Amino acid sequence: METVIATQWIMACYVDDVPENGGSCIKHGDEQIAIFNFARRNEWYATQNLCPHKQQMAISRGMIGSAGESCEPKVACPFHKKTFSLLTGECLGEEELVLKTYPVKIADGKVFVGID
Amino acid sequence: MSKPTVVVVGNGMVGYKFCEKLLARSAQFQIIVFGEEPRHAYDRVHLSEYFNGKTAEDLSLSTLSWYSDNGIALHLDDPIQEINRSEKTIHSLKGITLKYDYLVLATGSSAFVPDIPGIEKEGVFVYRTIEDLELIKAHAVNAKSGAVMGGGLLGLEAAKALIDLGIAETHVIEFAPRLMPRQIDSAGSNMLQMKLSQLGLHIHLNKSTAAIAGDKKIQSLRFNDDSQLAVDMLVISAGIRPRDELAKLAGLHVGTRGGIVVNEKMQTSDDCIYAIGECALYEGMIYGLVAPGYEMADIVAAHLTEGEKSFYGYDMSTKLKLIGVDVASFGDAFITEPDCRTILFEDTHKGIYKRINITNDGKNLLGGILIGDADAYNMLLQTVNNKIVLPPDPKDLILGSRGGETNAGAGVMSLPDDALICSCEAVTKGAICSAVSDGGVTGIDGMKKCTKAGTGCGGCVPLVKDLIAGTMKANGQYVKNVVCEHFDYSRQELFDLVKINGLKNYDLVLDHYGKGDGCEVCKPVVASILSSLWNDVIVKQEVIQDSNDRFLANIQKGGTYSVVPRIPGGEITPDKLIVIGLVAKKYGLYTKITGGQRIDLFGAHLSDLPLIWEELIDAGFESGHAYGKALRTVKSCVGSTWCRFGLHDSVTFAIEVEDRYKGIRAPHKIKGGVSGCVRECAEAQSKDFGIIATEKGWNLYVCGNGGSKPQHAQLLATDIDKETVVKYLDRFLMFYIKTADQLTRTATWLNKLDGGMSYLKNVIVNDSLGLGEQLEEEMQALVNTYHCEWKEAINNPAMRKRFAHFINAPDEKDPHAQFEPMREQVRAKEW
Ligand SMILES: Cc1cc2nc3c(=O)[nH]c(=O)nc-3n(C[C@H](O)[C@H](O)[C@H](O)COP(=O)(O)OP(=O)(O)OC[C@H]3O[C@@H](n4cnc5c(N)ncnc54)[C@H](O)[C@@H]3O)c2cc1C
Ligand code: SF4
Ligand code: SF4
Ligand code: FES
């Protein structure tokens, strides 16, 4: 049997709510979601806003960038500069920390985030 | 055929390492581990860091799931109570009985507790496990004075921990006539004692404790000479006692003074039973350090898998960590003439003592002691262990060539390939160099992943770094302090490129001179360069600023921010004080006077920041730039306007200087100070620049630093007038801003500057580079374009909008940011 999990798309904010090459945080029920406008690459990403390192609600205030030859998109938590892949959510340092990631799509100047 | 079973008794540092080593060699064994402690193995060596905020989890050597992931059965909180050697079974406290093919005893040791009347009283502790530390921490809350029994390596570490816990009066009681009797000589001990006294430790030598007095709780110590010392707590660190009780019960050979007797394969008197770590007694000696324990673990793993490896004793050289004074002892530290020649160096002013013992023919180093400055420790230890032939004048080894840095790497590169660099993980120089040449490793993090070097006690890290740099250089790889992976330039090179080409934003700089999409390292560096050059409002390019610069406030625990208005020179009117008080009350902020004579307001929600600043700016305040790599404060003493000793008006001068340089971005923060006379109440000599009044004018000092590596500022010019002070300061600050690496304070910058202070004096005072006028003009341009960033931010609706936690619910605050009450104010809630 196959289980189908339907992704529910919620309207998170407007495109110009999120600074170019930076992030903002949105609230969805009790969830806090960090949304990044990676304008330099014309890409959008979303992750949990809580940094798993010391439980600070701060990922959306972190700086984004890329790592390595493959230009893995990443975000650095402003607290202790742990960096996480925006694609997989995995910590790029030694620690075994992971951020939850969400799919993002853009339509009509609005930003939608996929919640399952 | 089923796998042979290896039972490990003890899940401490060495027991854990044994599992790791055996797994690395073979998957042929079923491993079962019993631990007496409730936690899985943790880093005992760094135990004291538990008091500095590290959690038990941070200290763990692995995750808990590591054991099951590797097929290891782990029984915690369940000590083995009995071994039945004829049946080859073990029995645990909780009633488990198991058959073993091989048994590995890694039971470690416990603190030796002397039999003194009263030792059982409340408030008497040992220092060995996380539980011990928890008890100490809880008791310390109500203790004003404490003592440590034992002035050895561990005792001093425990004493430092008591100071860190806030025990106002901490004593060390040592039975021997000197401190660290096993590692250092009496001249070294004297120097160490002097340094420790400066740190506030009270040292008592030649004291033996006769009794511990008090009702139920400890009240005082009574000594053999009938003197007494009142204390609220006592930590015993009088040596260790190997845990051999289980072995003894099973009839294995144990030493008369404790320890399970082993041969060079770590086998006990029963061939199937091994003992490793601090419980093992090899040739009459217990090895109370991790590195030899790890070596023993490897030998057993090798023996079980038919590898060839034996134990031949181990180097017991040590370096004391944590106490705030460098202490190291290596090789044969105590050998004396005529068996060797000894070279001594002593500087009682700085508290440095160094002793090296060399062979009578002057060719080899035998050992030595370093107090107060142990930078040379790693290299000296290598010189002993590898029998490296000494330079013609061996005293250079401890005096060092002046200006250090220049030929870093040259010394380490001359080591033989089999020189053991990281003793915790047994990594040789050859392995490190080939990781660079063949494995493409270029930094310490990569090296840790690739070879594990530097992941144990961390003592070898400087040496590993030198080896990486040295190998890269030898391979023709160009090493310079590049900003990060995205820019192949140093900060200074990038500064010049941005300037010459007139680049005004980050993306342009990245497109022209970088690659990839940037990161959290290069973005703030470029941001700082851009504002040092063009002084534009930093929030216009918000996303390349460090979080603090992006929101113009310092992010604190829990995600709220702190607010620091500028209070130039520390002078403030009663009216302004009232405004600060009212604002703090209105927004529920915690207030504290900072070290730089101003007031910090903590706990502001992101969305409240513009409102708070609106009120502060209305009352005439400006941003204090506490969030930026910029001028913080110019601290002043009250000076000639009120002080009866004051020669000139230090407050006025401090305000003028602070107003001149406020807002200017630099590679790191900058602090200043102005004192009205030599009594130096403003502590100006611990600042990046310090100005002190003299009979004839002012003395200007530069490049001082407080912080973790304090350094006194050095004299740049004497008896100069105010205008000249400002002129030299302009030149000095601008020269620093243009040439320093990112995140380098002026003190470190000076230490790395070729030619040091005399060079700097030439550039600034004698204008040897002919740059003087240009530097002054550049500084004047920055001064002319000053703006209060907060004023700009609150008056710009687009900028203001960013100060919301939820962009889709701007009026809601972060529910995660919570507070709890503390002394009539609030503090961030612990999570
Ligand atoms: C505060 C402190 C600082 C130190 N600093 C340094 C340093 O800077 N450098 C350095 O090299 N060394 C240092 N050491 C020493 C180092 O920690 C030890 O050498 C190392 O931990 C020894 O490892 P081990 O596995 O032999 O013993 P341990 O780590 O003590 O582990 C033994 C384990 O076995 C358990 N056990 C005992 N009996 C049984 C039983 N019957 N059944 C089941 N489990 C049992 C014990 O509870 C313990 O958990 C320091 C030690 C302390 C306490
Ligand atoms: S430094 Fe001199 S002038 Fe200033 S307060 Fe101290 S004693 Fe007075
Ligand atoms: S204020 Fe400074 S010294 Fe104090 S805890 Fe924070 S970083 Fe450490
Ligand atoms: S809380 Fe995010 S890195 Fe520490």
task: Give the distance, in whole Å, between the Cα centre of segment A:23-96 and the Cα centre of segment B:223-260.
output: 51
message: Taking amide H atoms as placed 1.01 Å from N in the peptide plane, list the residues 5 or more away in sequence, or in a different chain, whose amide H sits under 5 Å from that of A:I115.
response: A:Q8, A:W9, A:I10
message: Under a crude label model (7 Å from the Cα following the beta-carbon direction), how far is B:K504 from B:Q825 in nanometres?
response: 4.2
- request: Pull out a ≥ b ≥ c, the square roots of the eigenvalues of the alpha-carbon gyration tensor of segment A:18-110, then state rounded if a/c is under 1.5, prolate if not and a/b is larger than b/c, and oblate in the remaining case.
  value: oblate
- prompt: Helix B:522-534 versus the longest principal axis of chain B: what is the Cα-based angle in degrees, 0 to 90, to the nearest 10?
  reply: 20
task: Amide H neighbours of B:V674 under 5 Å, at least 5 residues apart or on other chains, H built in the peptide plane: list them.
output: B:K635, B:S636, B:C637, B:I691
Rounded to whole Å, sorted largest first: equivalent-ellipsoid semi-axes of segment B:315-401, Cα gyration tensor: 20, 14, 12
task: Return the percentage of antiparallel bridges among DSSP beta bridges fully within segment B:113-238, rounded to the nearest 5 %.
output: 30
message: Quick check: Cα centre of segment B:38-76 to Cα centre of segment B:583-615, how many Å?
response: 40
- prompt: Hey, rough spin-label estimate for B:W534 and B:V113, points 7 angstrom out along Cα→Cβ, what's it come to in nanometres?
  reply: 6.9
- line: Residue by residue through segment B:703-718, the couplings from Karplus 6.51 cos²θ - 1.76 cosθ + 1.60 with θ = phi - 60°, in Hz, x for Gly and Pro, are 6, x, 7, x, x, 6, 10, x, 8, 6, 5, 10, 6, 9, 8, 10
message: Using only Cα atoms and rounding to the nearest 10 degrees, what angle (0 to 90) does helix B:722-739 make with the longest principal axis of chain B?
response: 50
- prompt: How large is ³J(HN,Hα), in whole Hz, for each residue of segment B:182-198 in order, when computed from phi with the Karplus curve 6.51 cos²θ - 1.76 cosθ + 1.60 and θ = phi - 60°, using x for Gly and Pro?
  reply: 7, 10, 10, 8, 6, 5, x, 4, 4, 5, 4, 4, 4, 5, 5, 4, 4
field: Acute angle (nearest 10 degrees) that the helix B:491-500 long axis makes with the longest principal axis of chain B, alpha-carbon atoms
entry: 30
query: What average count of beta carbons from other chains do you get within 10 Å of the Cβ of residues in A:10-21?
result: 3
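Could you work out how much longer the chain between B:D361 and B:L344 gets when fully extended? Use 0.36 nm per residue separation minus the Cα distance between them, nm to one decimal.
On the way: separation 17, 0.36 × 17 = 6.12 nm, distance 1.74 nm.
In short, 4.4 nm is gained.
Work out the FRET efficiency for B:E49 and B:D767 from their Cβ-Cβ distance, taking R0 = 35 Å, and round it to the nearest 0.05.
Details: r = 48 Å, r/R0 = 1.38.
So, using R0 = 35 Å, E works out to roughly 0.10.
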query: Tell me, what ³J(HN,Hα) does each residue in segment B:38-45 have, in order and in whole Hz, if you take phi through Karplus 6.51 cos²θ - 1.76 cosθ + 1.60 with θ = phi - 60° and put x for Gly and Pro?
result: x, 10, 6, 3, 10, 7, 5, 4
Shielding by other protein chains, B:238-246, mean Cβ within 10 Å: 0
- prompt: Using a Förster distance of 35 Å, how high is the FRET efficiency between B:K515 and B:A798, based on the Cβ-Cβ distance and rounded to 0.05?
  reply: 0.70
Distance between segment B:434-472 and segment B:779-802 - C-alpha centres, whole angstrom: 44
field: Longest DSSP-loop-exposure-free segment, GluC sites (Glu not before Pro), chain B, at most 11 other Cβ within 10 Å
entry: B:309-694
query: For the modelled label position 7 Å from the Cα of B:Q28 along Cα-to-Cβ, which residues of segment B:300-317 have backbone nitrogen atoms closer than 13 Å?
result: B:301-308
- line: By the C-alpha gyration tensor axes a ≥ b ≥ c (rounded if a/c is under 1.5, else prolate when a/b exceeds b/c, else oblate), the shape of segment B:516-646 is oblate
Under 5 Å, built H, 5+ apart or other chain: amide partners of B:G351: none
- prompt: Rounded, prolate or oblate: which fits the protein assembly as shown when a ≥ b ≥ c are the square roots of the eigenvalues of the alpha-carbon gyration tensor, with rounded for a/c under 1.5 and prolate only if a/b beats b/c?
  reply: prolate
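So what's the back-of-envelope 222 nm ellipticity for the protein assembly as shown, counting only DSSP H runs of four-plus at -39500 (n - 2.57) apiece and dividing by all residues, rounded to 500?
Working: 27 runs with 255 residues, N = 947.
Counting only the DSSP helices, I get -7500 deg cm²/dmol.
Every read-out reported here was derived from the displayed coordinates using simple, explicitly stated rules and does not represent laboratory data. For clarity, every value in this text was computed on a predicted model and none was experimentally measured. Quick reminder, even Gly has a Cβ in these numbers, built from the backbone with ideal geometry, and neighbours come from all protein chains shown.
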